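Peer 1: Shown below is the structure under consideration.
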Amino acid sequence: MTWNKPNVQGTSTKCTIQWSKNRGDQGLIAGTVPIDTTTYDLILPDNVWNTPAYVVVVCGEASSDPSDDTWVTTKQCDKNNELYLQNLPTNDFTKWECKACPKDMDNLEKSADCSPEKLTSRSLQPLSGFWRVNPTDHEHPIFKKCLVEDACRSNSSFNNQTCNEVDVSGNPKGYRNDCNGERCRLCATCATNFRRSTSITGKCDRCPDSAENKLFLAGGAVAVLVAIVGLVYVTMSEEDSKDNISDAMQKIIINYLQMIALASSLPMQWPAEMMVMFTIFDGVSSGGQHLVSPDCEFTEMSAAELFYQKQVMFATLPVIIVVFSYIFWHAVGLCSSLCCKNKPKKTKKTKGCCCCKQERTPSYHKSYNATIPDKTILTTVLLLFVLYPSIVTRAFSLLHCIDVDGTLYLAMDLQEKCFSGRHQSYVLSVGLPQLIVYVIGFPVAGIFIVGKNRHQLHRPVIKYRFAMLYLGYCDDKWWWEITVVARKVGVVLISVFGSILGVDLQCFLALALVFISIAAHLGGKPYDSAIKRHRILDKLEILSLCVSWATFWSGLLFFLGQSNQFIKENHFILVIVSLVILGINIMTVVYSVLHFGLEYMEDNRIRKSRASIVSLDSVHKAKKAFLVNRGLGGPSSKVQVTPVPEMMMTEAEELQSWGGQRRGSVQKMSMELAL
C-alpha cells in the first residue's frame, strides 16, 4: 500500500498503519513506519481475495480518511450463486472482477458450480455432468457437457477426480479418469470389465462374467443364424409364385423394425425398457449388431482399436455374404448331383437320397425350377437388404467426430484425433470405399437392375432373384424401394451429423423426415389398392410410419423432460408415455405378424390348390387313357375342364396385378383340353 507524505506539525517522527475489514470500524494496528515512508507491505490474516482492507495512516495528531475499496473480493461476488471472483493476474488487484458463472460452450447451460463461498477462478469446479476442458487455464475456463451425464461429476469431494470411476460407496461405475497419462476426455472411456454401449455414445455398460458372456454370445449367434435361415427359407419358398402378399408384408415388417431400431441412435434419454425394445428389434431385423457384441471379450483393447477392427469386419461382410452364398448353394448342388448319381431314384420300395433334388409336381403356373445361381443371388440380395442399415450406420460412424475445444475427436473413442494419423488411414482405406460401394452403390445397383428389367418383372427368373426390391408395388412404382432406403439413410445421417445442431433439432429433423415419408406414401400410392388383398399392404405401411413418428416424438419428450421442472416434479408423465409407446409398438408388431401369418397361410392354401391342377399334358394322357379304356374316347373327342369358382377369382386377381387388366374387370378363365 502507498500514500502521500502527510503535512505533519510537531515533533512526531513515526506513522501508525491501521486497517479494518469494514469501512469505519476501529482499525487494527498493523505496524509503524518512519514518517518519511510512503509505502508499507500489509500482511493480512486471510487470503487477500477473501479479505477487504480499509486502511488509515496516523502520523502524530493527523490521520487520513479510510481508504476506498482497494480490490474486489469473493464476498462481493457471493450473489445468488451466479458469480465468481476472477482474481487474475494475481499481482494486479485492479483487474480483479466478479464474473458470471461459466456456461457450456455448446448448449449454453450453466456448467460450473458457483455455490461455494469464497469462490475464485482457481477453485472453480464443473457441475455434475460437465467436464473442464482446460483445467490449467484459470483466466478463461471452458466447460463442455459430457456425453453421458452420469459419467462426470463435480470433483470438489472426490480427490480432484472428475470421472465417475466409483460412487460414494466405492462401487465401480465404469468411467476412467486416466487414459495413458492423459485425462479421459468427457469421461467417455470405459474402465476394464466395462464396454461401450452399442446404442448410447459415451455410455459404459458393465460386462457379465466371462462364462456368462460367452454363453450369451453363443446364444445370440445361434438366434441370429436361425432367424437368417428361417428368413431365407420363407422367402425362397414364396418367390416362385406370381403374387405373394405375405412376402411383401414381410418386407414392410422388416423396414418398420429397422426404422424403430434406428431411433436408438438418436441421443435421447430413452428409458431402459425402450432400449431393450430397440435391441430386440435390431436383432430381429438387422442381423443383431446390438444383440451379438464381442466387446466384453476385448476390454483390454482401446476403444479405437476395437472400433477399427469392427469397421474392417463390416467392410468385408458383404463380400463374405456373397462368397458364402456361392459356396453353400454350389455345395448343396454338388451334393445333390453326387447323391442322385450314386443312389437309385425314389420308388415305393426305396426312399432314395435325402439330399437329392426332388422333381416338382407340375402345376398350372409353378413351372420354374430355380437354379443354383438363382438361389445364390436371392440369398445375397435378401441378406444385404436385411444388413443394409447396419452397414450404413457403421460406414458413417467412422466420420462421427465430436468437437472438444476446437479439435475433432472420434465419437467412439475421444482419445483418438479425427482425420489425422491412424484415423485418416482408416477413413481413406475403409470408410470411403464403404460409402461409395455400399451406401451409394447398393441402392443404385438395385434400382438399375429393377429398372432395366421393369418390363419383365413378372418373369420367374427376375422375380425369384430380385422380388425383395419391388414386390408388392404397382408396376409403375417399381422404383419405390429407393424412397425407403433414403428414409433409413436419412435417420442415420441425422443421428451422426445432427449432433452439431443439438439434440432437440436432431429430433425435429427425424420427425420431419418421417412426416415427409408419410406424405410421400399418401401421395405416391405405391400399392395397388384396387386389388382387395393388396389393401392390407397400404394399411400396414401407414401404420408403421405413424408408429415410427410417435416413437420419435416420445424421444423428444424424454429429452426435454430432463430439464423441464414441471415434468421433473411429475415424473409419472414420462412413465405413462413410455408405457404407451411400448404398448403401441408391441401391438403393431403383433398385428403385423398376425396378418403376415394369415396371408402366409392363404398363400400356401392357394399354392396347394394350384398344385392339385395337373399339367395339361398329364390331363391329356389321363383323360385319353380313361376314355379309351371304356370305349368312349377317340381322336375327335373333346374334354372341357373348368377351374372351381374359388380358384377362378384368385387367378383373376393375380392376373390383374401382374400384367392383366389392371383397372377393369377380368373375364373368367376356362381351359379346354382336346383329346
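The values are calculated or read from the model by the stated rules, or taken from the named source; none is laboratory data. In this text, all values refer to a predicted model and were calculated from it rather than measured experimentally. Heads up, the Cβs are rebuilt from the backbone with ideal geometry, glycines too, and the neighbour counts pull from every protein chain shown. Side chains are part of the model used for accessible areas, which takes the heavy atoms of the whole protein and leaves out ligands, DNA and RNA. Shrake-Rupley method; radii C 1.70, N 1.55, O 1.52, S 1.80 Å.
Peer 1: Between PHE559, PHE572, PHE566, PHE596, which is touching a Ser or Thr at 6+ places or on another chain (Cβ under 6 Å) and open to solvent by 30 Å² or more (accessible area, probe 1.4 Å)? Before the answer, list the steps.
Peer 2: On the way: PHE559 fails: touching a Ser or Thr at 6+ places or on another chain (Cβ under 6 Å); PHE572 fails: touching a Ser or Thr at 6+ places or on another chain (Cβ under 6 Å); PHE566 fails: touching a Ser or Thr at 6+ places or on another chain (Cβ under 6 Å).
The conditions single out PHE596.
Peer 1: Filter the stretch 247-266 down to the residues that are under 10 Å from the mean Cα position of the chain (by Cα) and open to solvent by 10 Å² or more (accessible area, probe 1.4 Å), then identify the one that is farthest from ALA550 (Cα to Cα).
Peer 2: Among those residues, the one meeting the criterion is SER265.
Peer 1: With the requirement that a residue be in a helix (DSSP H, G or I), touching a Phe, Trp or Tyr at 6+ places or on another chain (Cβ under 9 Å) and more than 14 Å from THR380 (Cβ to Cβ), what does the stretch 445-468 give you?
Peer 2: Keep residues of the stretch 445-468 that are in a helix (DSSP H, G or I), which gives 445-452, 454-456, 460-468.
Right, trim to touching a Phe, Trp or Tyr at 6+ places or on another chain (Cβ under 9 Å) and you get 446-447, 449-451, 454, 460-461, 463-464, 468.
Across the stretch 445-468, the qualifying residues are ILE447, VAL450, GLY451, ARG454, PRO460, VAL461, LYS463.
Peer 1: Of the conditions (1) assigned to a loop (DSSP other than H, G, I, E, B); (2) within 29 Å of PHE143 (Cα to Cα), LEU471 satisfies every one except a single condition; which number is it?
Peer 2: Failed condition: (2).
Peer 1: Within the stretch 552-571, identify whether any single residue is touching a strand residue (DSSP E or B) at 6+ places or on another chain (Cβ under 8 Å) and part of a helix (DSSP H, G or I), and answer yes or no. I'd like the intermediate steps shown before the answer.
Peer 2: Applying the first criterion (touching a strand residue (DSSP E or B) at 6+ places or on another chain (Cβ under 8 Å)) to the stretch 552-571 yields none.
Looking through the stretch 552-571, none of the residues is touching a strand residue (DSSP E or B) at 6+ places or on another chain (Cβ under 8 Å) and part of a helix (DSSP H, G or I).
Peer 1: I'm checking my understanding of the structure. Among residues of the stretch 68-82 that are open to solvent by 70 Å² or more (accessible area, probe 1.4 Å) and in a helix (DSSP H, G or I), which one is farthest from SER123 (Cα to Cα)? Don't jump to the end; show me each part of the working.
Peer 2: Within the stretch 68-82, the subset open to solvent by 70 Å² or more (accessible area, probe 1.4 Å) is 68-69, 75-76, 78-82.
This time we only want the ones that are in a helix (DSSP H, G or I), so: 75-76.
Working: LYS75: 15, GLN76: 16 Å.
Going through the qualifying residues, I end up with GLN76.
Peer 1: Can you name the residue in the stretch 47-101 that is over 60 Å from the mean Cα position of the chain (by Cα) and among the small types (Gly, Ala, Ser) and is also nearest to ARG132 (Cα to Cα) among such residues? Outline the logic, then answer.
Peer 2: Applying the first criterion (over 60 Å from the mean Cα position of the chain (by Cα)) to the stretch 47-101 yields 54-68.
So of that shortlist, the ones also among the small types (Gly, Ala, Ser) come out as 60, 62-64, 67.
On the way: GLY60: 55, ALA62: 53, SER63: 49, SER64: 47, SER67: 39 Å.
This residue is SER67.
Peer 1: Then there is this: Against the condition at pLDDT below 80 and either part of a helix (DSSP H, G or I) or within 27 Å of GLU212 (Cα to Cα) (or both), how does VAL292 come out, does it pass? Write out each step before concluding.
Peer 2: Values: at pLDDT below 80: yes; either part of a helix (DSSP H, G or I) or within 27 Å of GLU212 (Cα to Cα) (or both): yes.
Answer is yes for this residue.
Peer 1: In the stretch 485-495, is there at least one residue being modelled with pLDDT under 85 and either under 22 Å from ILE260 (Cβ atoms) or of a type in the set (Phe, Trp, Tyr) (or both)?
Peer 2: Applying the first criterion (modelled with pLDDT under 85) to the stretch 485-495 yields 495.
Right, trim to either under 22 Å from ILE260 (Cβ atoms) or of a type in the set (Phe, Trp, Tyr) (or both) and you get 495.
There is at least one residue in the stretch 485-495 that is modelled with pLDDT under 85 and either under 22 Å from ILE260 (Cβ atoms) or of a type in the set (Phe, Trp, Tyr) (or both).
Peer 1: Take the residues in the stretch 513-529 that are open to solvent by 50 Å² or more (accessible area, probe 1.4 Å) and either part of a helix (DSSP H, G or I) or modelled with pLDDT under 85 (or both), then tell me which one is nearest to VAL485 (Cα to Cα). Break it down into steps so the answer makes sense when it comes.
Peer 2: Within the stretch 513-529, the first condition is being open to solvent by 50 Å² or more (accessible area, probe 1.4 Å), and the residues that meet it are 515-516, 519, 522-523, 525, 529.
Among the residues that remain, those that are also either part of a helix (DSSP H, G or I) or modelled with pLDDT under 85 (or both) are: 515-516, 519, 522-523, 529.
On the way: PHE515: 16, ILE516: 14, ALA519: 16, LEU522: 17, GLY523: 18, SER529: 23 Å.
Step by step, filter the stretch 513-529, then rank; the result is ILE516.
Peer 1: For PHE93, only one of the following conditions fails: (1) out of contact with any strand residue (DSSP E or B) (no Cβ under 6 Å at 6 or more places or on another chain); (2) without any contact (Cβ under 8 Å) to a residue 40 or more places away in the chain. What is its number?
Peer 2: (2)
Peer 1: Here's something else I'd like to know. Does SER325 satisfy the criteria of being surrounded by 14 or more Cβ atoms within 10 Å (Cβ to Cβ), hydroxyl-bearing (Ser, Thr, Tyr) and at pLDDT 85 or above?
Peer 2: Values: surrounded by 14 or more Cβ atoms within 10 Å (Cβ to Cβ): yes; hydroxyl-bearing (Ser, Thr, Tyr): yes; at pLDDT 85 or above: yes.
The answer is yes for SER325.
Peer 1: Another one. Take ALA510 and decide whether it is open to solvent by 50 Å² or more (accessible area, probe 1.4 Å), of a type outside the set (Phe, Trp, Tyr) and in a helix (DSSP H, G or I). Before you say what the answer is, go through the steps one by one.
Peer 2: Values: open to solvent by 50 Å² or more (accessible area, probe 1.4 Å): no; of a type outside the set (Phe, Trp, Tyr): yes; in a helix (DSSP H, G or I): yes.
Criteria not met by ALA510.
Peer 1: In the stretch 482-529, which residue that is under 19 Å from the mean Cα position of the chain (by Cα) and among the charged types (D, E, K, R) is farthest from TYR409 (Cα to Cα)?
Peer 2: Going through the qualifying residues, I end up with ARG487.
Peer 1: On to the next question. Take ALA112 and tell me if it is touching a Leu at 6+ places or on another chain (Cβ under 7 Å), under 26 Å from LEU186 (Cα atoms) and surrounded by fewer than 15 Cβ atoms within 10 Å (Cβ to Cβ).
Peer 2: no
Peer 1: Then there's this: Does the stretch 218-239 include one or more residues that are charged (D, E, K, R), buried (at least 18 other Cβ atoms within 10 Å of the Cβ) and at pLDDT below 75?
Peer 2: Kept after step one, since they are charged (D, E, K, R), are these residues of the stretch 218-239: 238-239.
The next check asks that each one be buried (at least 18 other Cβ atoms within 10 Å of the Cβ); those that pass are 238-239.
Next, from what is left, pick out any that are at pLDDT below 75: 238-239.
Yes: one or more hits.
Peer 1: Across the stretch 470-482, what is the number of residues that are open to solvent by 50 Å² or more (accessible area, probe 1.4 Å) and of a type in the set (Ser, Thr, Tyr)?
Peer 2: Looking only at that region, the number is 0.
Peer 1: Only residues that are under 18 Å from CYS152 (Cα atoms) and either surrounded by fewer than 16 Cβ atoms within 10 Å (Cβ to Cβ) or without any contact (Cβ under 8 Å) to a residue 40 or more places away in the chain (or both): list them for the stretch 116-130, please.
Peer 2: Going residue by residue through the stretch 116-130, those that are under 18 Å from CYS152 (Cα atoms) are 123-130.
Once the filter is applied, which keeps residues that are under 18 Å from CYS152 (Cα atoms) and either surrounded by fewer than 16 Cβ atoms within 10 Å (Cβ to Cβ) or without any contact (Cβ under 8 Å) to a residue 40 or more places away in the chain (or both), the stretch 116-130 yields SER123, GLN125, PRO126, LEU127, SER128, GLY129, PHE130.
Peer 1: Hey, could you check the stretch 3-30 for residues that are crowded, with 16+ Cβ neighbours inside 10 Å and modelled with pLDDT of 80 or more and say which is nearest to THR74 (Cα to Cα)?
Peer 2: This residue is SER20.
Peer 1: Only one of MET587, MET649 is open to solvent by 90 Å² or more (accessible area, probe 1.4 Å), under 30 Å from HIS521 (Cα atoms) and modelled with pLDDT under 75; which?
Peer 2: On the way: MET587 fails: modelled with pLDDT under 75.
The unique qualifying residue is MET649.
Peer 1: Among the residues of the stretch 407-428 satisfying the criterion of being of a type in the set (A, V, I, L, M, F, W, C) and without any contact (Cβ under 8 Å) to a residue 12 or more places away in the chain, which is nearest to THR189 (Cα to Cα)? First the steps, then the outcome.
Peer 2: Our first condition is that a residue be of a type in the set (A, V, I, L, M, F, W, C); within the stretch 407-428, this holds for 408, 410-412, 414, 418-419, 427-428.
Adding the requirement that they be without any contact (Cβ under 8 Å) to a residue 12 or more places away in the chain leaves 408, 428.
Numbers: LEU408: 16, LEU428: 25 Å.
Applying the filter and picking the extreme gives LEU408.
Peer 1: Continuing with the same structure: For the stretch 532-546, state whether one or more residues are within 30 Å of LEU410 (Cβ to Cβ) and open to solvent by less than 30 Å² (accessible area, probe 1.4 Å).
Peer 2: Of the residues in the stretch 532-546, the ones within 30 Å of LEU410 (Cβ to Cβ) are none.
No, that holds for no residue.
Results for (1) under 19 Å from PRO389 (Cβ atoms); (2) among the small types (Gly, Ala, Ser), shown as yes or no for each residue.
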{"site": "VAL450", "(1), (2)": "no, no"}
{"site": "HIS455", "(1), (2)": "no, no"}
{"site": "ARG487", "(1), (2)": "yes, no"}
{"site": "SER495", "(1), (2)": "yes, yes"}
{"site": "LEU522", "(1), (2)": "no, no"}
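Peer 1: Restricting to the stretch 113-153, count the residues that are in a strand (DSSP E or B) and either of a type in the set (A, V, I, L, M, F, W, C) or under 17 Å from TRP96 (Cα atoms) (or both).
Peer 2: Of all residues in the stretch 113-153, those in a strand (DSSP E or B) come to 113, 120, 125-126, 130-132, 143-145, 152.
So of that shortlist, the ones also either of a type in the set (A, V, I, L, M, F, W, C) or under 17 Å from TRP96 (Cα atoms) (or both) come out as 120, 130-131, 143, 152.
Qualifying residue count for the region: 5.
Peer 1: Can you tell me which condition GLN415 does not meet? The list is (1) part of a helix (DSSP H, G or I); (2) modelled with pLDDT of 90 or more, and all the others hold.
Peer 2: Result: GLN415 passes all but (1).
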